[in-house]
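Here the structure comes first, spelled out in structure tokens, and everything after it is commentary.
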Amino acid sequence: MTAVSADQRQQLAYVATQAADARLNVEIETEGMTLNIGPQHPATHGTLRLVARLDGEQVVEAEPIMGYMHRGYEKLAEVRTYPQVTTLINRIDWLGSFANEVPFILAAEKLMEVEAPPRAQWIRTVLFELSRIANITLFLGDMAVQLGALTPVFMAFRDREFVLNQIEAATGGRFHPNFDRIGGLKDDLPQGWIDDTKQAMEKMRDFCDEFEELVLGNEIFQARSRGIGIVPAEVGLAYGLSGANIRASGVDWDLRRDGHEALAYDQVDWKVWTHPDGDSFARYWVRLQETREATHIVDQLLDGLPSGPIMAKVPRIIKVPAGEAYAATENPLGEMGYYVVSKGDLVPFRVKIRSASFSNMSITPWLLKGVYVPDIITILASLYFILGDIDR
Amino acid sequence: MTAATVMSGLLAVEVPYWASAIIKVGVVALVVPTAALVLGYVFLLKMMSFMQSRLGPMEAGPYGTLQLLADGLKFIQKEDIIPAKADRTVFALAPLVVLVSTFLIYVVIPTGPDAVVAQLDVGIFYALAVSSLSVVGILMAGWASANKYALMGGLRAAGQLIAYELPLVLAVMGVVIQAGTLDLQKIVTAQAEGEIFGWGGIGNPFILTQFVGFFIFLVAVQAETTQPPFDMPVAESEIVGGYQVEYTGFRFLFFFMGEFGTAFAFAALAAVLFLGGWALPWGDLTHWGFNIAGPVIMLVKVLAVAALIFWFRFTYPRLREDQLQRLAWKFLIPLSLVNIVITGIFKVVL
């Protein structure tokens with residue numbers, strides 16, 4: 001038997017350690033866990049499903065699966081007359097429903113070449129901003145509740161009533177006003193509404209101040225949201241983010257100012273808020289500032305409300321001439337647009353709805369890579385989607 | 001805490017062992033659900049509602065006082081569901097383990113010179129030891145539910161409770177050094193008979209010297225009872241209730257009672273350790289009257305501490321798991337060590 005040289009012994013020992021290491025690695029290496037978040041999960045407020053592959057508490061990859069609440073509004077719109085469509089699309093983003101009606105009506109008005117009288121445009125803008133406030137107020141409370149603070153959401157529900165009452169007083173519907181008409185509005189404002197609304201706006205400003213201290217000033221809220229879910233501007237643009245989500249990444253783009261629609265935004269003095277950080281905190285911050293800005297817009301609009309008719313001359317039975325038109329507005333959730341194709345019938349031939357949440361959600365697989373499970377919730381909450389707006 | 005506690009304390013010296021044992025068991029068995037009910041009603045239903053601009057329950061009984069009884073009945077009526085893939089024995093045992101650990105804490109909490117179920121020389125040591133038993137129950141629940149959310153909740157709870165057991169013990173250590181005893185009864189007397197620079201007007205409640213310890217104790221209690229801002233093990237918006245997710249009916253009720261019972265027990269411990277317990281600094285501490293007045297004094301102090309605990313609960317958002325660990329290991333534990341060193345120095349110098 002030949003003696004094993006020192007060199008060989010060293011080599012054998014090396015091989016043995018390597019083998020032991022490999023064995024150990026096989027033993028320790030664990031399989032990732034696949035976690036189905038939703039479709040019934042409190043953080044998905046609705047029926048979004050998120051399939052997340054986890055390594056411990058860390059997300060390896062996550063994929064949103066949409067369509068659990070698909071209601072086929074695009075197809076349904078093809079068998080509804082134009083005035084009937086507004087009833088449907090009210091329910092897309094159910095928290096800011098009047099805002100859904102406006103771009104569709106604007107697209108139809110483009111096709112018919114009618115323009116609503118100035119008073120109607122101004123009231124439209126006022127109601128549009130009121131829907132924005134009602135919508136984002138709830139976000140301000142909801143994101144706090146997603147992060148575990150129960151109290152703000154109740155305050156948000158409480159103070160949202162001030163705005164909803166005004167919407168109800170003017171339109172008759174709290175959530176689904178169905179108030180916008182081709183060529184104008186259904187009714188004029190009721191008596192005393194302007195003063196009441198101004199008071200409500202005052203209360204909403206108090207609400208914003210309170211939340212700026214209560215939520216934005218909270219150390220734990222900051223620790224949970226700062227630096228979480230950072231969206232660089234170019235990535236956000238590539239994924240088609242819009243609204244406050246992209247403005248929180250420092251992109252100064254707002255369809256109220258930069259769009260081509262005939263609303264009354266150019267008549268008042270207001271500011272587009274942006275934040276350079278692009279994280280969850282920035283998204284909350286931008287939305288809070290926008291809510292406050294919206295109350296100022298409403299105040300100014302009500303001060304300068306022109307008199308005159310609220311309905312343009314439109315035929316009793318609306319037949320939209322053949323053609324195609326696209327109108328998009330800056331809705332509470334982001335850019336919302338309707339591409340309407342008409343063949344000259346009572347009903348639209350095709351309606352394509354561009355809803356903000358659908359595009360805003362598309363960034364989640366990119367954004368959720370490598371974050372912790374609690375951060376999924378922060379990011380989803382801060383992106384602020386409404387299920388009806390994703391699935392239509 | 002109740003008249004029965006006092007009775008057992010008064011009778012303990014006279015009646016045979018077996019009778020006093022039965023009374024003691026009865027007292028503890030009565031105190032825990034009552035405590036859970038009181039805290040649940042006063043803080044969860046009423047204080048929380050007022051903070052959130054709601055009324056809370058108003059219909060069941062005068063001012064909604066019977067709401068929790070109605071809820072309890074509702075829980076008992078519910079179907080007892082055990083998931084098909086669950087480990088049935090462990091699943092059924094887990095809530096009991098949690099509840100028993102809560103019951104055990106009450107054994108050593110003194111509410112009068114004789115009104116204590118068992119006066120142990122190492123009372124505080126025992127209380128902290130049994131309180132950490134609930135981790136086992138929570139881990140059992142998380143594992144046996146055969147649910148991913150439950151498992152994550154159980155693991156989070158384990159990590160959190162272990163991390164916060166340490167600051168809890170270290171915070172108490174300052175009190176122990178100052179009182180020179182582990183016996184809860186003697187800690188109470190030490191505070192009542194203590195003096196502040198020779199002035200014994202209000203005794204010497206340890207919160208005056210151990211305010212850092214009191215703060216750390218409260219934070220750690222918040223984590224021990226898995227309440228916001230440390231409620232990751234049950235975080236509804238993330239893991240939908242964590243280890244409780246598969247539990248229904250009276251098993252869920254057990255967890256609920258365990259949570260509030262533990263909150264009450266820790267509030268009582270804080271009252272004993274930092275606020276002077278059942279005693280008043282004037283009067284003869286061995287007087288039998290304290291067996292009747294003691295529980296009332298205790299209750300006032302306990303509710304005051306519990307109000308603090310629940311106030312935090314309704315105010316703060318939830319921390320993240322890693323932030324929670326960082327807070328425990330990098331802030332609370334060093335702080336409590338410094339507190340111990342300073343207490344030790346003063347003890348030696350003065």
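Values quoted throughout were computed directly from the atomic coordinates according to the rules given, and no laboratory measurement underlies them. Predicted, not measured: the structure shown is a model, and the values here were computed from it. All Cβ positions, even for glycine, are placed from backbone atoms using ideal geometry, and neighbour counts span all protein chains on display.
Computed quantities for the displayed model
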{"read-out": "Number of partner chain Cβ atoms within 10 Å, mean per residue of B:227-240", "value": "5"}
{"read-out": "Chain B: proportion of alpha-carbon pairs further apart than 35 angstrom, %", "value": "23"}
{"read-out": "5 angstrom amide H check on A:ARG181, placed H, neighbours 5+ away", "value": "A:LYS186"}
{"read-out": "Nearest-0.05 FRET efficiency for A:LEU76 and B:LEU69, computed from C-beta distance (R0 56 Å)", "value": "0.70"}
{"read-out": "Global geometry of the stretch A:165-237, whether rounded, prolate or oblate, following the gyration tensor of its Cα atoms and the 1.5 cut on a/c", "value": "oblate"}
{"read-out": "Cα gyration tensor shape for the stretch A:237-322, rounded if a/c is under 1.5, else prolate or oblate", "value": "oblate"}
{"read-out": "Cα principal axis extents for the stretch A:66-130, largest first, Å", "value": "41, 27, 16"}
{"read-out": "Nearest-ten-degree value, helix A:118-146 long axis tilted from longest Cα axis of chain A", "value": "30"}
{"read-out": "Principal axis dimensions, the stretch A:245-392 - Cα atoms, whole angstrom, descending", "value": "58, 40, 21"}
{"read-out": "Cα gyration tensor shape of the stretch B:24-76, rounded if a/c is under 1.5, else prolate or oblate by comparing a/b with b/c", "value": "prolate"}
{"read-out": "Where only alpha carbons of chain A are counted, the Rg and the Dmax (Å)", "value": "25.9, 113"}
{"read-out": "Cα pair distances exceeding 52 angstrom across the protein assembly as shown, given as percent", "value": "28"}
{"read-out": "Range of Cα positions in the stretch B:66-136 per principal axis (Å), largest first", "value": "48, 34, 13"}
{"read-out": "Projected area, mean over directions - the stretch A:34-90, Cα convex hull, nm²", "value": "4.9"}
{"read-out": "Highest-MSF residue in chain A out of A:GLU290, A:GLU219, A:GLU129 [GNM, Cα springs under 10 Å]", "value": "A:GLU219"}
{"read-out": "Inter-label distance for A:ASP196 and A:ARG226, nm, one decimal - labels placed 7 Å from Cα along Cα-to-Cβ", "value": "4.3"}
{"read-out": "Chain B: angle of helix B:290-315 to the longest principal axis, Cα-based, in degrees nearest 10", "value": "50"}
{"read-out": "nm² value of the averaged projected area, convex hull over the Cα atoms of the stretch B:237-350", "value": "11.3"}
{"read-out": "Spatial separation of Cα centroids for the stretch B:12-71 and the stretch B:222-290, in angstrom", "value": "12"}
{"read-out": "Normalised convex hull volume, the stretch A:52-165, alpha-carbon set, Å³ per residue", "value": "147"}
{"read-out": "Nearest-ten-degree value, helix B:88-106 long axis tilted from longest Cα axis of chain B", "value": "20"}
{"read-out": "Inverse mean reciprocal Cα-Cα distance (Kirkwood Rh) of the stretch B:202-304, Å", "value": "15.7"}
{"read-out": "Shielding by partners, peptide A:146-156 (average Cβ within 10 angstrom, other chains)", "value": "6"}
{"read-out": "Interchain or long-range residues, amide H under 5 Å from A:LEU35's placed H", "value": "A:ALA52, A:ARG53, A:LEU54"}
{"read-out": "FRET E, pair B:THR34, B:ASP322, Förster distance 35 Å, beta-carbon r, rounded to 0.05", "value": "0.35"}
